[in-house]
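One structure is given below, encoded as structure tokens.
Every number in this text was worked out from the coordinates using simple rules, so none of it is lab data. Note that the structure is a prediction, hence the values are computed from the model and not measured. All Cβ positions, glycine included, derive from the backbone under ideal geometry; neighbour counts span all protein chains shown.
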């Protein structure tokens with residue numbers, strides 16, 4: 001480790017009298033600049049808006065050079081405002097960007113809040129080139145590192161540990177949440193995992209499948225359009241909206257939706273209100289999802305009915321690279337992470353051998369699919385999952401599958417009580433929020449009550465919010481075991 005030549009090991013106690021001797025938040029914050037930490041160095045510590053904002057650079061054990069590190073940012077509310085709780089927040093996609101809006105919201109509620117750049121500073125997936133350990137930072141260790149060093153800063157600043165530690169994330173943040181529960185079960189008392197992209201290798205295969213079904217082979221030109229999705233969505237609403245007993249513009253029971261596709265098919269030239277048989281077959285394959293042609297096993301669940309035009313985009317938001325519509329979304333995952341070939345051709349993908357190769361190479365480093373959470377539950381910890389049923393990016397059925405595997409595989413201290421995992425499905429909601437009806441869901445307060453008071457949430461409110469106004473509130477009950 002290069003950094004070991006630069007960083008000396010220093011006990012927190014050496015700095016504690018200096019910090020504790022001051023009563024003002026600004027003095028405590030300034031003192032953190034001199035805090036010495038093993039395998040880490042304080043980059044900044046500044047008082048702003050009645051909070052102390054600290055960034056610490058950490059060189060984990062996997063680091064092979066001074067240039068491979070994880071930057072952890074922690075916001076510490078003034079000592080008089082702290083609620084004695086730490087909240088780690090997740091990231092989105094493969095981005096190093098911090099969830100600044102969520103951090104500001106939660107620190108205002110009294111939480112000490114932490115987040116990280118997951119070990120890189122690039123929006124492009126080529127950040128792993130010449131630094132393969134960044135895959136492990138992103139896929140495994142960044143949340144653990146964030147929690148470890150956030151708590152060190154909390155101890156130094158407040159002179160005490162947090163009473164409770166929480167983590168909340170959606171999408172990649174949900175992926176991180178499940179990785180924390182699986183691989184670092186002691187880190188968090190309660191975890192919120194929203195729309196988790198935890199089955200990551202297979203999820204990227206699903207994006208490639210979506211691209212191949214919606215585009216012309218070899219040319220990369222689109223076959224389906226947003227207008228096609230709009231027409232198809234309206235056809236589904238006409239067929240299946242009222243399956244739940246109400247006509248509300250939402251397909252609340254997508255698994256029961258069995259439309260008569262012949263009513264959508266054009267006999268002659270395509271015109272408004274119908275689609276060609278080729279387009280209908282492509283749409284059906286998107287719903288079915290990719291299957292291994294040799295084994296017949298499902299590689300990843302298909303995108304559910306009702307997700308095709310969520311928020312006026314639906315599938316079209318992720319069926320191609322936004323910077324190059326002739327390439328699949330997340331094509332760089334296959335180029336840089338799997339095959340390490342910049343000239344990779346998405347049309348030559350082998351749905352048997354290439355999927356197996358990718359899973360063998362990366363699943364143990366980035367997937368968070370371990371179903372036995374007994375070690376997490378043994379400590380009294382709680383896991384709350386949620387997923388929008390019209391999610392066009394991560395199918396909600398993958399969360400259902402994982403939830404069932406956890407309840408079948410895990411044990412908890414008292415088998416007589418309900419399981420310490422709960423899953424909530426929100427009809428009509430898109431990816432992590434948004435959608436054409438219910439578009440906001442915040443389960444963190446319910447998780448706190450569950451962890452701290454042992455009151456399991458009977459239901460959690462989902463809301464339809466437009467222009468800052470709450471239009472409707474719908475209680476969502478958890479999925480039955």
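How many nm is it between the label spots at residue 61 and residue 357, if each spot is 7 Å from the Cα in line with the beta carbon?
The answer from the label model is 3.2 nm.
Looking only at the stretch 113-134, which residues have a backbone nitrogen under 15 Å from a spot 7 Å from the Cα of residue 100 in the C-beta direction?
115-117
Please give the peptides 204-214, 376-386, 73-83 ranked by average Cβ packing (other Cβ atoms within 10 Å per residue), highest first, as a rough proxy for protection.
Ranked from most to least packed, the peptides come out as 204-214, 376-386, 73-83.
Could you state the number of Å between the C-alpha centres of the stretch 61-136 and the stretch 433-465?
That distance is 24 Å.
Based on other C-beta atoms within 10 Å, arrange 138, 412 from fewest to most.
The fewest-first ordering by Cβ neighbours comes to 412, 138.
What distance in nm lies between label points placed 7 Å from Cα along the C-beta direction at residue 267 and residue 480?
For residue 267 paired with residue 480, the spin-label model returns 4.5 nm.
By how many nm would the segment from residue 472 to residue 226 lengthen if fully extended, with 0.36 nm per residue of separation less the alpha-carbon distance?
Taking 0.36 nm per residue and subtracting the Cα distance, the gain is 85.8 nm.
Once the Cβ-Cβ distance between residue 453 and residue 108 is put in as r, and R0 is 25 Å, what FRET efficiency do you end up with, to the nearest 0.05?
E(calc), rounded to 0.05, equals 0.65.
For the chain, find the longest principal axis of its Cα atoms and tell me its angle to the long axis of helix 396-409, 0 to 90°, nearest 10.
Helix 396-409 sits roughly 60 degrees off the main axis of the chain.
Taking other Cβ within 10 Å of each residue's Cβ, how do 125, 255 sort, fewest first?
Taking fewest neighbouring Cβ atoms as first place, the list is 255, 125.
What is the order of 129, 107, fewest Cβ neighbours within 10 Å to most?
Placing the least packed residue first, the sequence is 129, 107.
Per 0.36 nm of contour for each residue apart, how much would the distance between residue 278 and residue 364 grow if the chain were fully extended, relative to their Cα-Cα spacing?
The residue 278-residue 364 span can extend by a further 27.1 nm.
Compute the distance from the alpha-carbon center of the stretch 386-420 to that of the stretch 315-382, in whole Å.
Using only Cα atoms, the two centres lie 21 Å from each other.
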